[in-house]
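Take a look at the structure set out below.
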Amino acid sequence: MSITNTNNLGFDFESPAYRFGPLETQANNSLCVPIVYGQARAAGNKIWQSSGTDTFTAMICFAEGELNGFSDIRINNILIDDSALTGCSYTSYVGNGTQSIDSRVPGATQADKAGLVGGLKHTAYLALTITAGTKVANNYMDVSAVLKGKSVRIYSNTTTYTTEYSNNPIWCILDFLTCVNGCGLSHDDIDMQTFIDSATYCDVKINAVNATGTVSVTSGSTKVTGSSTKFTDEVKVGDEITINGESKNVTGVTDDTNLTVESNFSASASSKTMSVKDTRYTLNLILDTRKTRQDWLNEMLITCRGFLVYRGNKIGVIIEQDVSSVQSFTQDDIIADSEIFWTTPKEQRSDIFKVRYLDPENQYARAYAVAEADEFLSDPPVVQEIVCLGITNFKQASRLSWFYLNQANTCDKFMSFNTTKKGLDRTPGDIIDITSTFMGYVNKKLVVVSMNETQDGQIQLICREYNSNLYDDTLGSVAPVFNTVDLDDVLSTPADVQNLSAAQNLSSIVLNWQPASNNSQAKYEIREGDYWNSSRVVATNLTGSSYTVLNIQKETYKYWIKAVNDYGNYSDNAALSTIVVSDIQETNTIVHENILDEDIDSGTLVNCFASNNKIILYSTDTWTSSGTWDNTGKNYSPYGFWGASCGHTGSYTTKVYDLGANLSSIISVNYDLSSNDNTNNVLIEWKYSQDNITWSDWEIFAQGSKTFRYYQFKIILNSPNSNYVALSNFIVNVDVPDRDMYFKNQEITVANSGVAVYFAPVYSNVPAVVANISDGTNGYCVVSLKSTSQATIKAYNNSGTAITAKVDIRVKGY
Amino acid sequence: MGKGLTTAQKTEVAKTTLKTRTLVTIQLDDGPFRILANDTIANIVINSNTYYTRMVQTSEIETSLDGTVDKMVVSTSDIDQEFSSLVANNGDILTNRECKVEEIIFDGDTTTIIGNPVLVFDGRINKIQLSAKSFVFTIERILNQYSSLSPNMVYDVNCQFKFKGSKCSYSGSQTKCDKTLTRCKALSNVTNFGGYPSVVIPTPTK
């Protein structure tokens, strides 16, 4: 066996960055000089330190150059510019090939210094001066930093490229394949077009979501200022944000309310919603332990679902996508009896798929993005897991977990078959379609996962089922939550609602309030009446902080509001706002009627009786043997009637009312409820129809606009404690909004005929028509003929003679 | 993405009858050694290059998406002892030579070749075996070095740059370097030294 086949040649393979435990600065000559792609935190390797205990200097090497910079430099997890590290300083070197050795290293010349620490021209390192204190000492010093990785080639076409920082996994893979410290291949060995195509796919910004809160930007500035935003949780560098129609890439996130973008905004905007898209696939990886190149390539490829393939004598990279078939194979192309079909073994399927990634926002904790099948195939469920050290954001990990879960479960069929040289042009990764008599497939799409070109000239294609639905970047789950959470106690009684106000707006009243302070999920109930308990419910289950009451009348309203949580617990005290409506503009009230007056006997009573224009629950009192009412422990009615003890529920159904025509109307009701028990309540239902044949179902009544002609109410009285309850003054209001029509510059060409205008749709009642001469002629207009569908206008001079003229006509009515 | 067949070649391979032949090309110092796989045709000229007939057997070529190392074994007759004499006289000049296997597609049953040969496999020769009658060798993809370890550089006290390479930058007349700091100082090239002479060497655990 060759010496090169003995694994590790004595090197320590343990990764300083990815092993368990905190990052620790090493001092070890068996470690490799890392390669950094994207951004990664590392603690470096100490290659030299001066003597001294109070003040000393040190050189910490981090990676092969050339890096694009250091940031967030910490000593023992304390920022180096923190006051706790007074007297500590550093100089950073990115390893650009021309850099000098730091002046902290003793020696008169660069050669003298190099004799002590090496040339260091191609090494990224920090030179530090340390003043010992309670937080750092010469034997207690872990130096860590975030490294912005090496510049890599980014090709715009197969021959043109720029060299710059990138965390696109494809360009990083290309660099690893071709760099001296990696695979060392020539760029001539690379099928560059496949790398360009795959890199473009990785760079696509996807999954737009609206960020929390609102943002403001200023023209000519790169800053975005948020209000109630959570930038640090929801936005990261490289994301694309869109504000007021302008899309920008994020270059820095300062805190929850401040971030910067790559270029100035062209227009100012305030209180706008911001949408955020993240890059489909990125790579942030430090290669700091010696593993096989295949292992490192797999580590990078897995971040983007990529595969290396051969095309001719070149290496390409592909990422499975939803693409069309490149070749069809029919029964004529398949060598007889060569087809074999099989499915994924049960143990290789997955009920739960986990992708482990690193979360830089939470001290590079190892977090899981989990995708779970809708239905488990196994009990207990089969859990599959992969580790993606190069993924540092949840969404990317989550998309991959969803992909791998569904690929395992929905692409569980495999097929192999032999063909002739007809398969010569195929390579693994190709999408083909097959029509097979054996399985009955017709143009079924498959992915070629493996090929055998056999000695007898046949080509065996081994294929996996293809599912085009796998490639829509679905998230596997929502992001995990770290550290502490700040949830409302949904069980707690909501605080009282504050600052309820009522304001009239034409024929409506707008109610505003300040939401309950202790429960963001609380809903609100508004009632109208003299007291909360006896008031009618205007609206319930409201969210937000505003509500509009339509179709009001000229009277005094008292509105009450309470907050209520998901468990039905109301706030302790109702807030009140009173408003006097003395005038209402532009109303066409066609119905304003108390239907509990003379109509009361035309309705149907169930477990109720009607008396004095009231609907009252039936009494359940009994006549005792001693000749008196049995009123033991029972209440008397407020009006001295016997029958104080009532049934639990009863109803009154009105007759059917007819508006006379189908109208788009606003309907509302008012009523008075008499009760001496807070638990008593009333439920109003109604149904409506346009033809008195087809009716709506009985619905809980809520005032609003409907189109109907016939309507009917049902009043349901409830008394859980069997105490007196009565309802009176049930007033129905139906308002039809005005409809204005304008006919400008209508020309009268024959004076005696005038000009006719027609109304579409026709009015229900004959509308008001007003006309004026519009061409400056002295005279006046007369509406000579008017109906619900048309009007004719004539013009006269001041002598009373009909004239020709142009007239403006306004029509108003309903 | 396919192997890059032309439209005419795709049309031909889709036909029910197809005539193809295999070509093997080995790059030697004196020029390519071109073989036309066993056929009654004495030789064939493609792009001004003549391929001579030999008995050739090839193994399966397995290609997959899972990073499997690709290789194929080629066995060709050596009854004229061309290869054995080559090795006998020059040493092992065959290992690590570039070698490619191609397929040519004829136009129907004629001897007219459609387009250029289609590359089937490409790599470097390894594991040669010679006998009195045959020459057997393995062609390994250029990425066979996938099994090697990376990153290559370690924090070793000795230099790891290639002597006279771009990072070494030595341009003097010396032809050898033992990678030590002492040698680098002697070559007056210490400012480019690619080692870490002061790094701590762990004490072995006893």
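The values are calculated or read from the model by the stated rules, or taken from the named source; none is laboratory data. What you see is a predicted model, and the numbers here were worked out from it, not measured in a lab. Please note: Cβ atoms are built from the backbone with ideal geometry, for glycine as well, and neighbour counts cover all protein chains shown. For the accessible areas, the whole protein counts, side chains as well, though only heavy atoms, and no ligand, DNA or RNA atoms are used. Shrake-Rupley method; radii C 1.70, N 1.55, O 1.52, S 1.80 Å.
Only one of the numbered conditions (1) surrounded by 19 or more Cβ atoms within 10 Å (Cβ to Cβ); (2) away from every other protein chain (no Cβ under 14 Å) is violated by A:Lys272, and that is (1). Scanning the range A:179-196 for residues that are of a type in the set (A, V, I, L, M) and open to solvent by less than 40 Å² (accessible area, probe 1.4 Å) returns A:Leu185, A:Ile190, A:Met192, A:Ile196. With the condition kept exactly as written, say whether any residue in the range A:491-499 is within 14 Å of another protein chain (Cβ to nearest Cβ), in a loop (DSSP other than H, G, I, E, B) and modelled with pLDDT of 85 or more. No, the range A:491-499 contains no residue that is within 14 Å of another protein chain (Cβ to nearest Cβ), in a loop (DSSP other than H, G, I, E, B) and modelled with pLDDT of 85 or more. Residue by residue through the range A:324-376, note down the ones that are more than 30 Å from B:Glu12 (Cα to Cα) and in contact with an Asp or Glu (Cβ under 6 Å, 6 or more places away or on another chain). Selection gives A:Thr343, A:Thr344, A:Ile352, A:Lys354, A:Ala365, A:Ala367, A:Ala373, A:Phe376. Of all residues in the range A:763-786, those that are surrounded by 13 or more Cβ atoms within 10 Å (Cβ to Cβ) and either without any contact (Cβ under 8 Å) to a residue 12 or more places away in the chain or among the hydroxyl-bearing types (Ser, Thr, Tyr) (or both) total 6.
Checking A:Gly65, A:Gly38, A:Gly95 one by one, the residue that is open to solvent by less than 50 Å² (accessible area, probe 1.4 Å), free of Cβ contacts under 8 Å to residues at least 40 places away in the same chain and touching a Gly at 6+ places or on another chain (Cβ under 6 Å) is A:Gly95 and no other.
Just a yes or no: is a residue in the range B:104-111 more than 14 Å from chain A (Cβ to nearest Cβ), over 23 Å from A:Asp425 (Cα atoms) and either out of contact with any helix residue (DSSP H, G or I) (no Cβ under 8 Å at 6 or more places or on another chain) or not β-branched (Val, Ile, Thr) (or both)? Checked against the condition, which is being more than 14 Å from chain A (Cβ to nearest Cβ), over 23 Å from A:Asp425 (Cα atoms) and either out of contact with any helix residue (DSSP H, G or I) (no Cβ under 8 Å at 6 or more places or on another chain) or not β-branched (Val, Ile, Thr) (or both), the range B:104-111 yields no hits at all.
Among the criteria (1) open to solvent by less than 20 Å² (accessible area, probe 1.4 Å); (2) over 25 Å from the mean Cα position of the chain (by Cα); (3) in contact (Cβ under 8 Å) with a residue 40 or more places away in the chain, the one A:Tyr364 does not fulfil is (1). No other residue among B:Thr182, B:Thr191, B:Thr205 is at pLDDT below 90 and open to solvent by 30 Å² or more (accessible area, probe 1.4 Å) apart from B:Thr205.
Is one or more of the residues making up the range A:230-243 of a type in the set (Gly, Ala, Ser), outside any strand (DSSP E or B) and free of Cβ contacts under 8 Å to residues at least 60 places away in the same chain? First the steps, then the outcome.
Filtering the range A:230-243 for residues of a type in the set (Gly, Ala, Ser) gives A:238.
This time we only want the ones that are outside any strand (DSSP E or B), so: A:238.
Still in the running and free of Cβ contacts under 8 Å to residues at least 60 places away in the same chain: none.
Among the residues of the range A:230-243, not one is of a type in the set (Gly, Ala, Ser), outside any strand (DSSP E or B) and free of Cβ contacts under 8 Å to residues at least 60 places away in the same chain, which makes the answer no.
State whether one or more residues within the range A:382-396 are assigned to a helix (DSSP H, G or I) and out of contact with any Phe, Trp or Tyr (no Cβ under 8 Å at 6 or more places or on another chain). Yes, there is a match, as at least one residue in the range A:382-396 is assigned to a helix (DSSP H, G or I) and out of contact with any Phe, Trp or Tyr (no Cβ under 8 Å at 6 or more places or on another chain). When A:Ile170, A:Ile206 are checked against the criterion of being over 30 Å from A:Met59 (Cα atoms), in contact (Cβ under 8 Å) with a residue 40 or more places away in the chain and surrounded by 19 or more Cβ atoms within 10 Å (Cβ to Cβ), a single residue qualifies: A:Ile170.
Out of everything in the range A:116-129 that is under 17 Å from A:Gln26 (Cα atoms) and hydrophobic (A, V, I, L, M, F, W, C), what residue ends up being nearest to the other protein chains (Cβ to nearest Cβ)? Even if it seems obvious, please write down each step before you answer.
First pass over the range A:116-129, keeping only residues under 17 Å from A:Gln26 (Cα atoms): A:117, A:123-128.
Restricting the remaining residues to those that are hydrophobic (A, V, I, L, M, F, W, C) gives A:117, A:124, A:126-128.
Working: A:Val117: 5, A:Ala124: 12, A:Leu126: 15, A:Ala127: 13, A:Leu128: 15 Å.
Looking at the filtered set, the residue picked out is A:Val117.
Checking A:Asp278, A:Asp332, A:Asp295, A:Asp322 one by one, the residue that is in contact with a Lys or Arg (Cβ under 7 Å, 6 or more places away or on another chain) and either more than 8 Å from every other protein chain (Cβ to nearest Cβ) or in a loop (DSSP other than H, G, I, E, B) (or both) is A:Asp278 and no other. Taken over the range B:160-190, residues that are of a type outside the set (D, E, K, R), at the interface with chain A (Cβ under 9 Å from one of its Cβ atoms) and assigned to a helix (DSSP H, G or I) amount to 3. Based on what the data block shows, is A:Ile315 surrounded by 15 or more Cβ atoms within 10 Å (Cβ to Cβ) and either at pLDDT 90 or above or out of contact with any Gly (no Cβ under 7 Å at 6 or more places or on another chain) (or both)? It is true that A:Ile315 is surrounded by 15 or more Cβ atoms within 10 Å (Cβ to Cβ) and either at pLDDT 90 or above or out of contact with any Gly (no Cβ under 7 Å at 6 or more places or on another chain) (or both). Once the range A:242-281 is narrowed to residues that are of a type in the set (Val, Ile, Thr) and in contact with a Leu (Cβ under 8 Å, 6 or more places away or on another chain), the residue that is modelled with the lowest pLDDT is A:Val253. Residue count for the range A:153-207, restricted to those that are under 30 Å from B:Glu98 (Cα atoms), aliphatic (A, V, I, L, M) and under 36 Å from the mean Cα position of the chain (by Cα): 5. Here A:Ala199 passes the criteria (1) open to solvent by 10 Å² or more (accessible area, probe 1.4 Å); (2) out of contact with any Lys or Arg (no Cβ under 9 Å at 6 or more places or on another chain) except the one numbered (1).
Of the residues contained in the range B:152-159, none is found to be over 19 Å from A:Glu64 (Cβ atoms), more than 7 Å from chain A (Cβ to nearest Cβ) and in contact with a Phe, Trp or Tyr (Cβ under 7 Å, 6 or more places away or on another chain). In summary, strands (runs of 3 or more DSSP E) completely within the range A:665-760 and bearing 1 or more residues that are surrounded by fewer than 13 Cβ atoms within 10 Å (Cβ to Cβ) occur at A:704-718, A:739-748, A:755-758.
If you go through the range A:71-91 and keep only what is closer than 24 Å to A:Lys121 by Cβ and buried (at least 20 other Cβ atoms within 10 Å of the Cβ), you end up with just A:Tyr90.
Given the structure, is A:Lys135 over 23 Å from A:Gly52 (Cα atoms) and part of a loop (DSSP other than H, G, I, E, B)?
On the way: over 23 Å from A:Gly52 (Cα atoms): no; part of a loop (DSSP other than H, G, I, E, B): yes.
No.
Looking across the range B:20-38, the residues that are open to solvent by 40 Å² or more (accessible area, probe 1.4 Å) and more than 30 Å from A:Gln193 (Cα to Cα) come down to B:Asp29, B:Asp30, B:Phe33, B:Arg34, B:Asn38. Checked against (1) part of a loop (DSSP other than H, G, I, E, B); (2) closer than 30 Å to A:Pro16 by Cα; (3) of a type outside the set (Asp, Glu), A:Ala267 passes all but a single condition, namely (2). Of the residues screened, A:Gly213 is one that is in contact with a Gly (Cβ under 9 Å, 6 or more places away or on another chain) and open to solvent by 10 Å² or more (accessible area, probe 1.4 Å). When the range A:367-395 is filtered for residues that are open to solvent by 30 Å² or more (accessible area, probe 1.4 Å), over 30 Å from A:Asn77 (Cβ atoms) and touching a Ser or Thr at 6+ places or on another chain (Cβ under 6 Å), the ones remaining, listed by number, are A:Val382, A:Gln384.
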